[in-house]
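Note sheet for the following structure.
The values are calculated or read from the model by the stated rules, or taken from the named source; none is laboratory data. Values in this document were obtained by computation on a predicted structure and should not be read as measured data. Cβ placement follows ideal geometry from the backbone for every residue including glycine, while neighbour counts extend to all protein chains displayed. Calculation scope for accessible area: heavy atoms of the full protein, side chains included, ligands and nucleic acids excluded. Shrake-Rupley method; radii C 1.70, N 1.55, O 1.52, S 1.80 Å.
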Amino acid sequence: MKAKVLQIVWHEKEPVYSVDFHASGFLATAGADKEIKLWQLRLDADGDIQATHLQSLDGPSRTLNCIRFSPDGTQLVSGGDGGEILLWKPRDPANLLDWKVSTVLRGHAEDVWDVSWSSDSTAVATASTDNEAVIFDAKPECNGPRAKSRLQSHSHYVQGVAWDPLRAHLATQSCDRSCRIYGSKPPVAAGGKGKAKPRPGDTIAMAKDLICQHVLQKHRIPQGSQGPPKPEHSGKKEKPQKQSLFHDDTLPSFFRRLAWSPDGALLVVPAGLHKGSVSATVDNATLVYKRREWASPFIVLKGISKASVAVKFCPRLFARSQPAEDHKFPGQAELPYKMVFAIATFDTIILYSTEDFKPLGLLGNLHPAPITDLAWSHDGKFLVISSSDGYCSIASFGSRELGEAATELPAHIASVTIHDCPVMPSSSNPGLFTASQKHAQPMQSSSVPSAKPPMPVKRAFPGAGRTSGAKRRATPELAPLTGLSSGLAMQEPSEVINPQPLPSLPPGSPELVCKARMSDPACHPGFGQAMSMPSAIQESRHQVREPIVAPMQLNGHFSTAKQAPLHPSVG
């Protein structure tokens, strides 16, 4: 794995708020300069990451906060300040670099911070600072009003929205410290009055009947961790104490971008909190929920020094390193494949695998300002990280570095074709795109932007740090990477285990630290052991300005034995 901060002018040195890949392979970025830019990523002969500017799309009149391509690749949606939501389509289906605004979606009066497509590309869900999420009909043939459903359950800004790949649920997250799971109304009993159950596959009909089914807001501190027992003669039964699951509106982030796994089996929610006992401190965490099991998190990923703000799953599914029945890790997701996902905090990216929820790698000290969004290429070769400092970082992976491709896939994933065609015209693919192309503008200085010391914030809440002209700058926040202490919290037993932390790093040293599998049977199963870095890397910390990479170790053979698929059912 290689990682690099590309020193190019992405958006006129303005913050980059969103990134996304088209199914054919090119990258789209958007930010405070009110433009969408298309890029081609490639590896040169030395394996270094290069970006070529392909096209700039004009049209939005406000800062762009989120862009997402439809799963079928035929449309693009952009959400920005002032409730501006635009649907885009190619002018010519044969030229995927020339896009135009096809429809303006009206439904929000305030800033739109996140958008999400339904897996059939017929509907778009949006999250806004007007405390609402709205579902729009995105079918090109729709002629009437496109706003079909308005979800008004939250009492504060809605900062994230994610559509279930199976289209049975919609998840939203707000700075009112809650995550809400929406689903269709239960079917009416025979002979009863009411609406009929929506037809299977009819996303818009389902969206009209959405109700809030579950609210993820607080959890009980496990029994036995309530502190010293009360005297028996007290006569009062002590009520279990509760802890909020998420940060409040003082979290200095505009986004809480949650994500479903590609198969719909898991929902990973950022900006989480965890407290193991009354006397324990509250730790930052990312919460993992199993489908249809919303009473408590399936896994709590903790050990991060700053709050997580975004989650993104790699679209590719990989074969397990060992059969599911050979794993004894408590509460493990028993799936015939494994998935890889990235969690973004303000200044760190952590990679996890659903096989055992061990940290696979850590990217730190890449940006002096908060990270805003993540995007995986559809072939799993690139992970792009955007930041409000105006730059993007890119991590590249070898063809089998994350694992062998899975052979047993859920039906809704197996039916999707992954486009491996190159974007740039070549001798083997002449004329794929006809739009003019130009190279990205290099920066005058080749050095990484210097980190500024943290600035005091009187009140850090969504909306703080705004500047005039509808341009927004989150307060830069940079602290030395002091190491990652990974931990998991299971439902039973309710305990948090913190293994040996990774080596501490000096201030300002870009670093990528990976964790090796543990072979010592005396260690608790399911956790990684800190891996010492090569001496050459340790000696070059203070001289090298590029991110330092320690090889990712994925020990163990990949199972090729066929297993009965365990696909999540709708519901």
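Between S279 and T407, residue separation times 0.36 nm minus the direct Cα-Cα distance comes to 41.3 nm. Using the Cβ-Cβ distance between E141 and Q217 with R0 = 45 Å, the FRET efficiency computed as 1/(1 + (r/R0)^6) comes to roughly 0.70. Over the stretch 277-397, the alpha carbon radius of gyration divided by the compact-protein estimate 2.2 N^0.38 Å works out to 1.14.
Translational diffusion of the stretch 272-322, estimated by Stokes-Einstein from the Kirkwood radius over alpha carbon pairs at 25 °C in a medium of 0.890 mPa s, is 186 µm² per second. With semi-axes defined as the square roots of five times the eigenvalues of the C-alpha gyration tensor, the equivalent ellipsoid of the stretch 6-63 measures 22, 13, 9 Å, largest first. Only protein heavy atoms count here; under a 1.4 Å probe, W10 has an accessible surface of about 0 Å².
What is the percent carbon and sulfur in the accessible area of the stretch 47-192, measuring with a 1.4 Å probe over the protein chains and ignoring ligands? Heavy-atom surface of the stretch 47-192 belonging to carbon and sulfur, 1.4 Å probe: 44 percent.
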